[in-house]
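Asker: One structure, as structure tokens, below. Some questions next.
The values are calculated or read from the model by the stated rules, or taken from the named source; none is laboratory data. The structure displayed is predicted, hence computed values, not measured ones. All Cβ positions, glycine included, derive from the backbone under ideal geometry; neighbour counts span all protein chains shown. Quick note on the areas: whole protein, heavy atoms, side chains included, nothing else; ligands and nucleic acids left out. Shrake-Rupley method; radii C 1.70, N 1.55, O 1.52, S 1.80 Å.
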Amino acid sequence: MTDTVLFDEINTECGRVIGRATLNAPRSLNALSLEMIQALDARVADWQGRDEVVAIWLEGAGGKAFSAGGDVVALYRSTVKHAGHAGNPEAEQYFAEEYRLDYRLHTSRTPVICWADGVVMGGGMGLMQGSQFRLVTPRSRLAMPEITIGLFPDVGASWFLNRLPGRTGLFLGLTGVHLNARDALDLGLADRFMDADPEQVLEALAAGRYQDDGDANRALLYGRLRELSAAPTGLEAPVSAHRDTIEQLCDGATVDEVVARILDTKQCDGWLDKARKTLAAGCPQTMHLVWQQLHRARHLSLAEVFRMEWCVAVQCCLHPDFREGVRALLIDKDGSPRFRHRSVDEVSADYIDGFFRCPTDVHPLADLG
């Protein structure tokens, strides 16, 4: 492994340690490569198995992002390589290992603290939402923007978007709107607002008198983070301010109706205009996938959610729209993707059903849960 993830252990005053992992690919805004996922998963598993590790701290290098998402450029190359084939083993491996890591964080008995500073999107959201203590800052910008590239909100988004108030999760998935720290806190996607240097926070946590009792240690971490947190004063909360409008626009019996309601709204509102513009230029296939993933996952366990999302993610890599979306945004950068369907009402139910079928005989996440 290279140093795409930096690992450190911070000694506490009582002789225990806090494991620190720093995503270290700042040029790509810490986009998660397979190598990074494997390194992080192995070290987190090691820390979880050691009694002296009282917490795991996740952060990103470079000062601009925790993580802007998964390595979609590498996934794009795999779709080109395997175009027309019955399978894509590289995509299968990537999503299986990424989701296994996310599940490990969600179910960790060792508390995980995520310093969600700067850009937090896609795969970065998967790591953040799997953490027990999700810390946001004045620079935090959260989003699930897969609508622009023909993918879908994955990394457990079927789980955490479904748990947002009302129809907010559907709106976020369809429009890819960005959330600041205030919105993240209001929606329950973050736990604490921090207007301090991460080193100061870590120093304060390291001064704790930890015990052999895991519950007591979690309570100590909770109290320290509460003391260090601040109020997000001065930050507007556009999602919260538009809650009634979001509920009205997303109140439809079908995704076709919801999309039409959002696109046809005539309000003179800059924030809504930006959301509507993103949706209008987005992938019709993704619109249906967002609708279906939230509907199908309503009563699924977390493990079942990740198994479902793995099927959809691999299927996306076997269909042309994801390849075309990444080409237009990140490869040729012409901003003009030629998606298979021109509008949401052209996409058939049978076509979308195929994305939820397992593309392999043995599911690689069958052992979760």
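Asker: Could you list, in sequence order, the residues of the stretch 265-278 that are within 19 Å of Gly173 (Cα to Cα), without any contact (Cβ under 8 Å) to a residue 12 or more places away in the chain and not in a helix (DSSP H, G or I)?
Answerer: none
Asker: Further, regarding this structure: Which condition number in (1) assigned to a helix (DSSP H, G or I); (2) aromatic (Phe, Trp, Tyr); (3) more than 20 Å from Gly126 (Cβ to Cβ) is the one that Tyr210 fails?
Answerer: It fails just one condition, (1).
Asker: Let me ask you something else. If I go through the stretch 279-293 residue by residue, how many of them are in a helix (DSSP H, G or I), within 21 Å of Val312 (Cβ to Cβ) and either of a type in the set (Gly, Ala, Ser) or open to solvent by 20 Å² or more (accessible area, probe 1.4 Å) (or both)?
Answerer: Counting residues in the stretch 279-293 that are in a helix (DSSP H, G or I), within 21 Å of Val312 (Cβ to Cβ) and either of a type in the set (Gly, Ala, Ser) or open to solvent by 20 Å² or more (accessible area, probe 1.4 Å) (or both) gives 3.
Asker: Can you tell me which residue among Arg307, Arg323, Arg327 is within 17 Å of Lys81 (Cα to Cα), open to solvent by 30 Å² or more (accessible area, probe 1.4 Å), part of a helix (DSSP H, G or I) and not hydrophobic (A, V, I, L, M, F, W, C)?
Answerer: None of the other options fit; the residue is Arg323.
Asker: Tally time: how many residues in the stretch 333-366 are assigned to a loop (DSSP other than H, G, I, E, B) and of a type in the set (D, E, K, R)?
Answerer: Qualifying residue count, the stretch 333-366: 7.
Asker: Now, a different point. Looking at the stretch 116-130, which of its residues are open to solvent by less than 10 Å² (accessible area, probe 1.4 Å) and either touching a strand residue (DSSP E or B) at 6+ places or on another chain (Cβ under 8 Å) or over 23 Å from Phe95 (Cα atoms) (or both)?
Answerer: Ala116, Gly118, Val120, Gly122, Gly123, Gly124, Met125, Leu127, Met128, Gly130
Asker: Take Thr233 and tell me if it is at pLDDT below 95 and either touching a helix residue (DSSP H, G or I) at 6+ places or on another chain (Cβ under 6 Å) or surrounded by 14 or more Cβ atoms within 10 Å (Cβ to Cβ) (or both).
Answerer: In short, no.
Asker: Another question, then. Going residue by residue through the stretch 84-97, is there one that turns out to be under 23 Å from the mean Cα position of the chain (by Cα) and assigned to a loop (DSSP other than H, G, I, E, B)?
Answerer: Checked against the condition, which is being under 23 Å from the mean Cα position of the chain (by Cα) and assigned to a loop (DSSP other than H, G, I, E, B), the stretch 84-97 yields at least one hit.
Asker: Based on this model, can you work out whether Arg100 counts as over 30 Å from Ala204 (Cα atoms) and open to solvent by 60 Å² or more (accessible area, probe 1.4 Å)?
Answerer: yes
Asker: Same structure, new question: For the stretch 132-143, enumerate the residues that are open to solvent by less than 10 Å² (accessible area, probe 1.4 Å) and not in a strand (DSSP E or B).
Answerer: Thr137, Ser140
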